[in-house]
Amino acid sequence: MQLILLGAPGVGKGTQAKQIGKEFSIPQISTGDILRSAVHENSELGKKVKAILESGQLVPDDIILDIIQKRLSQNDCQKGFILDGFPRTILQAQGLDKILSQMAIPGIKVIEIYVDELEIISRLTSRRVCSNCGRDYNLRLNSPPADGKCLKCGGIIIQRSDDEEHTIRKRLKVYREQTEPLIEFYRKKKKFYRIDGLLPIDEVFLQIRKIITQK
Ligand code: AMP
């Protein structure tokens, strides 16, 4: 079972990808998480991409495709995987097509989660995240504890630096210009589905599960 979750930042891709991964015992592969942990570890990759992440721009396609090629060749991806935040450009989508054909994977399913921009800005400015384990919180829906410590691991809950409003607006512009064209790219390939991301989280999950389990 292979799946791409497409959609602007803040539509809930990460939340859904984690739940699906758990339910189907397959890895959730988030290029954003991989890049953030490289920054956290201050690795060579992290040093290269830190400023790009903070600016809300996209990391170059060759770096991203290299990360994905290596990640998909790992054993845990043999049964399937969920791509979250990748691909984000036509070049990345074409690169992914090549990787999938090398892996003999035909017709990956693509689900777009759609939410309008005003709601996204409101969601992302109220998003908080554990600096240690990455668990998501939201001031509107799922408030962090008053002591600011993660319920799961006790780590400190922070606001991602790219979740400040001016950076969010930049990320949405980047999405419109560079990622939205992927919707047409995948629509032509048939296994494309669209879900209303304003529905409750559990309802979005049920709809995704239905799509995944149908032939
Ligand atoms: P995300 O957590 O998916 O919103 O990603 C956070 C940031 O990581 C983005 O704003 C980009 O700077 C970078 N990034 C993540 N995935 C990609 C990708 N597929 N291509 C280029 N840049 C990416």
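A few notes on this one:
- For the stretch 1-56, the spread of Cα positions along each principal axis, largest first, Å: 34, 22, 15
- 25 °C / 0.890 mPa s Stokes-Einstein diffusion coefficient of the stretch 132-173, Kirkwood radius on C-alpha pairs, µm²/s: 213
- Panel values: the stretch 74-191, Kirkwood radius from alpha carbon pairs, Stokes-Einstein at 20 °C and 1.002 mPa s, translational diffusion coefficient 127 µm²/s.
- Mean silhouette area of the stretch 45-131, derived from the convex hull of its C-alpha atoms and averaged over all directions, reads 7.6 nm².
- Translational D in µm²/s for the chain (Stokes-Einstein at 25 °C, 0.890 mPa s, Kirkwood Rh from C-alpha pairs): 138
- Taking θ as phi - 60° and the Karplus parameters 6.51, -1.76 and 1.60, the scalar couplings of the stretch 181-192 work out to x, 5, 4, 5, 3, 7, 4, 5, 8, 6, 7, 10 Hz in sequence order, x denoting glycine and proline.
Bear in mind that the values in this text are calculations on the coordinates, not laboratory data. Just so we're clear, the structure is a prediction, and the values are computed from it rather than from any experiment.
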